Amino acid sequence: MPRSFGWVDIYDFVQPKKKSFLLAYSTGLTIGEAADKAGIGRQSHYDWMNHEHDEREMYHQAFEDAKERRFEILEKEARRRAVEGVENPIFDKDGNLVGHEIKYSDTLLIFLMKGSHPEIYRDNMKIDVNGTVTLESLLTLTEQPK
C-alpha cells in the first residue's frame, strides 16, 4: 500500500519528496525545517516554485494550500496565547519553584483584532483626494509670504 500524505494526496506529484515537504511545511515549520524533515535542500522548494517543469502549476497550488493550512495553525496558536494565556513558572530567590502564573499576550490579541477587522483597528487611514490642480494655483501657493 502506498504511503499516505494526508491532504497532500490530492496532488499527483511524481516526486514524493514534494508531498513530504508540503505536509511538513503545512504543520507550521519554516521552509528550512520542512526541507530538513523531507530530506531535501531548501533550494529544492525554490526550484520547484521558479523553474519550468510539468508539475509547476500543481506545485504552486499545493504550496498555496500548505500556506493556508500553516497560517491556520499559527493563528490558532496566537489566539491561544492571547486569550487562554501561557503558564509560566514562578521561582523564589533561591531558585525553588513556588507556583505558576498565566501570562496573556496583549500584542497578539491586537494583531488578531487588526487581522479580523482592519476597517476598525487599522493603524492608518486611506484618504482619496480627487481634483484638479492648475499651474497657476500651484504658483499662487508657492508665492505666498510666510
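Just so you know, all these numbers are worked out from the coordinates, no wet-lab data involved. This one's a predicted model, so the numbers in the text were calculated from it and none came from an experiment. Don't worry about glycine lacking a Cβ; one is built from the backbone with ideal geometry, like all the others, and counts go over all protein chains shown.
The set of residues in region 107-126 that are part of a loop (DSSP other than H, G, I, E, B) and among the polar types (S, T, N, Q) contains only ASN124.
No other residue among THR132, THR142 is assigned to a loop (DSSP other than H, G, I, E, B), of a type in the set (S, T, N, Q) and more than 29 Å from the chain's Cα centre (by Cα) apart from THR132.
Considering GLU143, GLU136, GLU119, GLU72, the condition of being at negative phi and surrounded by 10 or more Cβ atoms within 10 Å (Cβ to Cβ) is satisfied by GLU72 alone.
In summary, GLU77 fulfils each of the numbered conditions (1) more than 19 Å from the chain's Cα centre (by Cα); (2) part of a helix (DSSP H, G or I) with the single exception of condition (1). Scanning region 22-35 for residues that are farther than 14 Å from MET58 by Cβ and in contact with a helix residue (DSSP H, G or I) (Cβ under 8 Å, 6 or more places away or on another chain) turns up LEU23, ALA24, TYR25, SER26, THR27, GLY28, LEU29, ILE31, GLY32, GLU33, ALA34, ALA35. Residues that are surrounded by 11 or more Cβ atoms within 10 Å (Cβ to Cβ), among the aromatic types (Phe, Trp, Tyr) and either over 23 Å from the mean Cα position of the chain (by Cα) or in a helix (DSSP H, G or I) (or both): does region 32-49 have at least one? Scanning region 32-49 turns up at least one residue that is surrounded by 11 or more Cβ atoms within 10 Å (Cβ to Cβ), among the aromatic types (Phe, Trp, Tyr) and either over 23 Å from the mean Cα position of the chain (by Cα) or in a helix (DSSP H, G or I) (or both).
Let's see how each residue does on (1) without any contact (Cβ under 8 Å) to a residue 12 or more places away in the chain; (2) over 25 Å from SER116 (Cβ atoms); (3) hydrophobic (A, V, I, L, M, F, W, C); (4) surrounded by 13 or more Cβ atoms within 10 Å (Cβ to Cβ):
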site: PHE21; (1), (2), (3), (4): no, yes, yes, yes
site: ALA24; (1), (2), (3), (4): no, yes, yes, yes
site: THR27; (1), (2), (3), (4): no, no, no, yes
site: MET58; (1), (2), (3), (4): no, yes, yes, yes
site: GLY85; (1), (2), (3), (4): no, no, no, yes
site: LYS103; (1), (2), (3), (4): no, no, no, no
